[in-house]
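Undergrad: Supplied in structure tokens, the structure appears directly below.
FYI, it's all coordinate maths here, none of it is from the lab. In this text, all values refer to a predicted model and were calculated from it rather than measured experimentally. When we count neighbours, we look across all protein chains shown, and the Cβ atoms used for this are built from the backbone with ideal geometry, even at glycine.
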2 protein chains.
Amino acid sequence: MKLTKIKDEIRAIGIDDAPFIPHTKGKTRVFGVITRGNQNIEGIEQVKIEIDGTDATEKLAEMIRTSKHYGQIRVIMLNGITFGGFNIVDIDELAKLTDLPTISVIDTNPNFDSIKIALQKHFEDWETRWDVFTRVRIEQVTIKSNSKPLFFHYSVGDLTADIIKQIFIKTSQRSNSPECIRIAHMIGASFLSKKNI
Amino acid sequence: MKLTKIKDEIRAIGIDDAPFIPHTKGKTRVFGVITRGNQNIEGIEQVKIEIDGTDATEKLAEMIRTSKHYGQIRVIMLNGITFGGFNIVDIDELAKLTDLPTISVIDTNPNFDSIKIALQKHFEDWETRWDVFTRVRIEQVTIKSNSKPLFFHYSVGDLTADIIKQIFIKTSQRSNSPECIRIAHMIGASFLSKKNI
């Protein structure tokens, strides 16, 4: 789906995961919050993915496609690119599976060298996992004159830095973060207390 | 804490639980969403309570009192009065433990006879559980002329139907439900798919 003009009331889904106890196996939860514009929350979805697994792309696509809000959603925004540890989202593949432009928002430029070393150390299939990182394109956008720039990866040829800036402006309040990501992050963070994991 | 005038930007915490597989033992999650006015989400808390247990009042009080938003919250709004099955919240006790006015919002007048029968059938300590129901005061409020009335229990002597109507008006958008309860309910409902419980 091509995005050219961004409506004030654009529907977006923002995605973030719940933390888990480090060095455990099993699954963790990922939340998707659907917003309209920069304040109305229209839905909340969740799905479980394998910790350090390889199913994040497929599970997120399933969560989004089976949402009753799927027909209204115009853009996917991920908080980062890895969920449940090193379960990496292939944003090009997610965009293809959902037919939706997909953006991964990060707040600092990633250190690719250290990511590669960590993957080599921990995973036999590190080359497949690393492949996603070789394909990402990173851009930098300044939304407000006094705010830090946001870095992001994006997918789907039609997305440009200018379109993404418009999306950010129309989906965020005072925070630098789109509301849908901010709230998905807060839901995930509520699991942080050890007794809740 | 006494509530007399309700500010437009009043902070409220809305509380609802996640569903669980019926007839299971163990714990379920309860979520608390902190809003300012009728649109700004400022925080999300969670706590686990025993399914059909008796710890809901104490655990909710702990969740609220340990929240970093505790000092700003002016009112507690519960979606109903039982969480995690028949884990009943004693709203007078919750109000006392948190020093905050507490409202339980329900959308139909409860059938007390059938609640009593269910408690007698399932719990040896049914009299203790039933005691909470003998102390609730139920009021009915119509917020918008064309909407169904809301029924609610409330706690703390200072709360009146008029004050509660003001709270409802200032904390809800188009829905009849205060935003904090609506979102806590949506987070809980995202657990509904069996694969997510």
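Undergrad: Collect residues whose amide H, placed 1.01 Å from N in the peptide plane, falls under 5 Å from the amide H of B:SER190; neighbours closer than 5 in sequence don't count.
TA: Close amide H contacts, sequence-distant or interchain: none at all.
Undergrad: What is the average number of partner chain Cβ atoms found within 10 Å of a Cβ in B:27-40?
TA: Partner-chain Cβ atoms within 10 Å, mean over residues of B:27-40: 2.
Undergrad: Now for a separate question. In whole Å, how far is the Cα centre of segment B:121-144 from that of segment A:1-71?
TA: Between the Cα centre of segment B:121-144 and that of segment A:1-71, the gap is 38 Å.
Undergrad: While we're looking at this one, here's another question. Take every DSSP beta bridge whose two residues both sit in segment A:49-197, then give the antiparallel share in percent to the nearest 5.
TA: 70 percent
Undergrad: Okay, next question. Would you look at the GNM of chain A, springs on alpha carbons closer than 10 Å, and say which of A:ASN87, A:ASN176, A:ASN109 moves the most?
TA: Most flexible of the set in this elastic network: A:ASN109.
Undergrad: Continuing with the same structure: Name the chain A residue nearest the rotation axis between A and B, going by Cβ position, and give the distance in whole Å.
TA: Residue plus distance in Å, as requested: A:GLN39, 2.
Undergrad: OK, next. Please order B:THR35, A:THR128 by the number of other Cβ within 10 Å, starting at the fewest.
TA: A:THR128, B:THR35
Undergrad: Any chance you could give the angle, 0 to 90 degrees and rounded to 10, that helix B:179-189 forms with the longest Cα principal axis of chain B?
TA: 30 degrees
Undergrad: How far is A:ASP55 from itself in the other copies, in nm, if each label sits 7 Å out from Cα along the Cα-Cβ line, shortest first?
TA: For A:ASP55, the other copies' label points sit at 3.0 nm, shortest first.
Undergrad: Moving on. Nearest 10 degrees is fine. How inclined is helix B:161-171 to the longest principal axis of chain B, computing both from alpha carbons?
TA: That helix lies at roughly 80 degrees to the long axis.
Undergrad: Let me have the relative contact order for chain A, percent, based on Cα pairs under 8 Å that are six or more residues apart.
TA: After rounding, I find 29 percent.
Undergrad: Measuring from a point 7 Å out along Cα→Cβ, what nm distances, shortest first, does A:LYS170 have to its partners in the other copies?
TA: Once sorted, the set of distances for A:LYS170 reads 3.3 nm.
Undergrad: Follow-up. Taking chain A as a Gaussian network, Cα atoms linked when under 10 Å apart, which of A:ASP17, A:ASP99, A:ASP131 shows the biggest mean-square fluctuation?
TA: The residue that fluctuates most here is A:ASP131.
Undergrad: Would you kindly give the portion of the calculated P(r) for the protein assembly as shown that falls above 35 Å, as a percent of all Cα pairs?
TA: Tail fraction, whole percent: 32.
Undergrad: Among the DSSP beta bridges whose two residues both lie in the protein assembly as shown, what percent are antiparallel, rounded to the nearest 5?
TA: 75 percent
Undergrad: How far is helix A:56-65 tilted, in degrees, relative to the longest principal axis of the Cα atoms in chain A, given as a value from 0 to 90 rounded to the nearest 10?
TA: 40 degrees
Undergrad: Write out the trypsin sites (Lys or Arg not before Pro) in segment A:48-117 meeting two conditions: DSSP loop, and at most 11 other Cβ atoms within 10 Å of their Cβ.
TA: Within segment A:48-117, the qualifying trypsin sites (Lys or Arg not before Pro) (loop, at most 11 other Cβ atoms within 10 Å) are A:LYS68.
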